[in-house]
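The values are calculated or read from the model by the stated rules, or taken from the named source; none is laboratory data. All of these numbers come straight from a predicted model, not from anything done at the bench. Cβ atoms come from the backbone with ideal geometry, glycine included; neighbour counts cover every protein chain shown.
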Amino acid sequence: MSNQTENLIKGGSFLIEDVNYDQVFTPEDFSDEQVMIAKTTEDYVVNEVLPEVPYLEKHEFDRSVKLLKSAGELGLLGADVPEEYGGLALDKVSSALIAEKMAIAGGFGITHGAHVGIGSLPIVLFGNEDQKQKYLPELATGEKIAAYALTEPSSGSDALGAKTVAKLNSAGTHYVLNGEKQWITNAGFADVFVVYAKIDGDKFSAFIVEREFPGVSTGAEEDKMGIKSSSTRTLILQDAQVPVENLLGEIGRGHIIAFNILNIGRYKLGVGALGGAKRALEVTIPYTNQRQQFKTPLSSFNLTKEKIATMASKLYAAESSIYRTVGLFEERMSKLTEEEVNGGKAVAASIAEYAIECSLGKFFNTEVLDYVVDEGVQLHGGYGFMEEYEIARAYRDSRINRIFEGTNEINRLLVLGTYLKKALKGDLPLFQKVMALQEELMMLMPEEPGDEPLAQEKMLVNNGKKIALLAAGLAAQKFGKEVEKEQEIFVNIADIVANVYAMESVVLRTEKAIAKNGLEKSNQKLLYTQIFCQEAFNKIEADAKETLVAAEDGDMLRMMISTLRKLTRHTPTNVIAKKREASVKLIDAEKYVL
Amino acid sequence: MNIFVLMKRTFDTEEKISISGGKINEDGAEFIINPYDEYAIEEAIQVRDAQGGEVTVITVGSEEAEKQLRTALAMGADKAVLINTEDDLEYSDQFTTAKILAEYLKDKDADLIIGGNVAIDGGSGQVGPRVAELLNIPYVTTITNLEINGSTVTVVRDVEGDSEVIETSLPLLVTAQQGLNEPRYPSLPGIMKAKKKPLDELELDDLDLEEDDVEAKTKTIEIYLPAQKQAGKVLEGELADQVKELVSLLHNEAKVV
């Protein structure tokens, strides 16, 4: 790679190095064009898609196909496709904004995401010239629709355990595929599937499979709990005839495509979850203003204010951290040379670089979404349980997000696993940092933050990083090679890391906003930051304590606990008061506001 | 065909509006293209696509209006002109705006000028007709259909819900009523192209106008929100009794009969 990439922020490095606010991308950095793109998408979804959702929920998928075509006419399918193949070659931020706004429509957002993301991207990123020429122009307009077929009945998270096989025919012209791919989004109408199969039963590879190829068919439409407005079917391959030129990437290297596409899918899902959560708040707050009990609007009750402000502070964290990650991608991908882009390898390396951030964004944001829709239903009371209220659908639609694109458990396990791998490979000086920290902690005196805004939150972020390193170092030292069996500790550490990343993201974003617009205009952001950091830090403390107790005992444990106590010593923020204050603007605007 | 659109940046009246210090609070307000001007832009684009020519969108205002001009360019207009009065004028009214626009337009050989029938903020509906008057060209307001055949123009005008068909000729100024068309979304390719389209910025000086030439003819004395609507009363009981009660309420409480 060129020397330009040397200045780029390394994946996972936020735990080890501090960055300035001008090194992170925040939503306040959106360009005018990006804001316009978001608006066009939102207007399109609200005016054109939402009225169709009741029909889509009843599986009237000819409407989905029409909507995708009209989305294509507006350019909403071509963001990630290069211009020479009929796309718009937009930046990653624009592409993320489209995904965020599409998510307003629930299952249709999934339809869109499966098409432009996991469906089309393997060809964009790993296709050869002929494949790009042949497929991308029609995918960019929506004339053809794409799907992604990885999961099988017996292999979900264990993707490489796929049983679908491919065998070259005797003439050497076609691969013959046999197997079943399960729960394939868009399968009801997709024209092109990216399918994974093992050549000769052992070489995991990717193929572009057209619906019209002999031997390709789909099963019955699944009856799902949520995202009913997206099509989900089994893709059946019975002696399916796939021309040899439709092999995608190299033989036996399908996992490179699969895992990198998954990484992108993950952060995009984090973006989508953000969009869904904003929408949930946008339908919930007006309800709390209209609905009266005891002759008082629900929004006048302090407990309602508490709920609304908590939801919004979590949303702020989800938004700040996911766009920070998007910014990292944009920064790195935009520096690739044309040659590197076409080679595929550098692209894969760029994506893999931020695997940790992708996993964090996936599980953190989908759980924010789940929290927000759950409280959204709660604030609707009994009406929230009725399907005529949008929040009921949002609640059902949310649930799958914690399962697909790698369950949240798998994504949590990946965090420490990836850190340890990066440390062993020498990509990140994790162990050095841990050792330096252990020395530092012997002499540690608790800090007293200053009075200036964000001083306390910065201290919490700082100490949160130390706690994460302490816990990760302890786990690695204590369990050695067996550490992977300590899944509970892995999960605790992943949660600590996710909260640290989110806390740092909100602090930097708010700091940037204060520097630019002053304290007064950034007050809502400051409130969210104070609320979120306090609550996240409480969680960090609990996760750390549980981890220490599981890993150590006796005097060593007592020493560790005392270190943790020093690292967690602070005068807590009065979050009840902060939430009441933050709720005022939210209840007035009837939506997530800053 | 040389087409001009008169556009205004307004706050979104669907959002909550608050007033402080006798002014509408712009903090946190959302700003949009005046919705009636969106019809005007759409119509201009459609006429250009059918007849050829060029669409120029003009606004009088501050630098902030650049966003709305870019949106118009993203919808498909060819050029945009911002007449920036921020530094020159503290207060302006419909006369001011019309005078500036007419001064700009007088040597532009406009065939067709389209504006919104009314702006949703000020709501005067005067700027279009005043510009036509100053340019000495015919105008038709609140139009719902426009057909151009050579220099003959057939316009359907909305008259309080009825339609009036008017035949007139170019050059012409019309103002758009809801129903004229369905404004398009700025497409993503349109948004990207808009970046490169010309957006000129002028000041009064560039039009050889002095502040006195455009001094407002009116003064705004006060701005206030409509009074909070009181909860209504639902009468119950026999119909005859309800009528009696209603009459007595109108007479004694509301004191309107």
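Test B:Ala194 against the criterion of being surrounded by 19 or more Cβ atoms within 10 Å (Cβ to Cβ), assigned by TED's automatic domain parsing to the domain that holds B:Glu14, over 16 Å from B:Val60 (Cβ atoms) and in contact with a Pro (Cβ under 8 Å, 6 or more places away or on another chain), and give yes or no. Yes; evaluated as a whole, the condition is true for this residue. If you filter segment A:441-481 down to residues that are outside any helix (DSSP H, G or I) and among the acidic types (Asp, Glu), you find that the one that is nearest to A:Thr510 (Cα to Cα) is A:Glu452.
Please determine whether any residue of segment A:419-440 is under 21 Å from A:Glu546 (Cβ atoms), modelled with pLDDT under 95, of a type outside the set (Phe, Trp, Tyr) and touching a Ser or Thr at 6+ places or on another chain (Cβ under 8 Å). No, because not a single residue in segment A:419-440 is under 21 Å from A:Glu546 (Cβ atoms), modelled with pLDDT under 95, of a type outside the set (Phe, Trp, Tyr) and touching a Ser or Thr at 6+ places or on another chain (Cβ under 8 Å). Note on segment B:147-192: residues that are within 11 Å of chain A (Cβ to nearest Cβ) and farther than 20 Å from B:Val47 by Cα amount to 4. Whether a residue is touching a helix residue (DSSP H, G or I) at 6+ places or on another chain (Cβ under 8 Å), within 14 Å of chain B (Cβ to nearest Cβ) and crowded, with 17+ Cβ neighbours inside 10 Å was assessed, and A:Leu56 does not pass this test. For segment B:9-32, check the following and say yes or no: at least one residue is part of a loop (DSSP other than H, G, I, E, B), surrounded by 19 or more Cβ atoms within 10 Å (Cβ to Cβ) and either within 19 Å of the chain's Cα centre (by Cα) or touching a residue at least 12 places away in the same chain (Cβ under 8 Å) (or both). Checking segment B:9-32: not a single residue is part of a loop (DSSP other than H, G, I, E, B), surrounded by 19 or more Cβ atoms within 10 Å (Cβ to Cβ) and either within 19 Å of the chain's Cα centre (by Cα) or touching a residue at least 12 places away in the same chain (Cβ under 8 Å) (or both). Of the listed requirements (1) surrounded by fewer than 15 Cβ atoms within 10 Å (Cβ to Cβ); (2) within 11 Å of chain B (Cβ to nearest Cβ); (3) more than 24 Å from A:Phe329 (Cβ to Cβ), A:Asp62 misses just one: (2). The criterion of being free of Cβ contacts under 8 Å to residues at least 60 places away in the same chain, among the basic types (Lys, Arg) and not in a loop (DSSP other than H, G, I, E, B) holds for B:Arg48.
State whether one or more residues within segment B:210-220 are hydroxyl-bearing (Ser, Thr, Tyr), over 29 Å from A:Asp32 (Cα atoms) and under 22 Å from the mean Cα position of the chain (by Cα). There is at least one residue in segment B:210-220 that is hydroxyl-bearing (Ser, Thr, Tyr), over 29 Å from A:Asp32 (Cα atoms) and under 22 Å from the mean Cα position of the chain (by Cα).
Just to check your reading of the model, which residue among A:Glu83, A:Glu143 is away from chain B (no Cβ under 14 Å) and either at negative phi or surrounded by fewer than 24 Cβ atoms within 10 Å (Cβ to Cβ) (or both)? None of the other options fit; the residue is A:Glu143. Pairs linking a residue in segment A:73-94 that is touching a residue at least 24 places away in the same chain (Cβ under 8 Å) and more than 14 Å from A:Gln133 (Cα to Cα) to a residue that is assigned to a loop (DSSP other than H, G, I, E, B) and among the polar types (S, T, N, Q), with Cβ atoms under 6 Å and 6 or more positions apart or on different chains, are A:Leu74/B:Ser187. Filter segment A:423-457 for residues that are surrounded by fewer than 21 Cβ atoms within 10 Å (Cβ to Cβ) and charged (D, E, K, R) and give the result. The answer is A:Lys425, A:Asp427, A:Lys433, A:Glu439, A:Glu440, A:Glu447, A:Glu448, A:Asp451, A:Glu452.
Please pick out the residue among B:Ala74, B:Ala65 that is touching a residue at least 40 places away in the same chain (Cβ under 8 Å), over 21 Å from B:Asp121 (Cα atoms), within 14 Å of another protein chain (Cβ to nearest Cβ) and of a type in the set (A, V, I, L, M, F, W, C).
From the options B:Ala74, B:Ala65, the qualifying one is B:Ala74.
Being surrounded by 20 or more Cβ atoms within 10 Å (Cβ to Cβ), assigned by TED's automatic domain parsing to the domain that holds B:Val156 and touching a helix residue (DSSP H, G or I) at 6+ places or on another chain (Cβ under 8 Å) is a property that B:Ala40 lacks. Collect the residues in segment B:70-102 that are over 19 Å from the mean Cα position of the chain (by Cα) and acidic (Asp, Glu), keeping them in residue-number order. Those that are over 19 Å from the mean Cα position of the chain (by Cα) and acidic (Asp, Glu): B:Asp78, B:Glu86, B:Asp87, B:Asp88, B:Glu90. Only a single item in (1) within 14 Å of chain B (Cβ to nearest Cβ); (2) aliphatic (A, V, I, L, M); (3) within 23 Å of the chain's Cα centre (by Cα) is not met by A:Leu67, and it is number (3).
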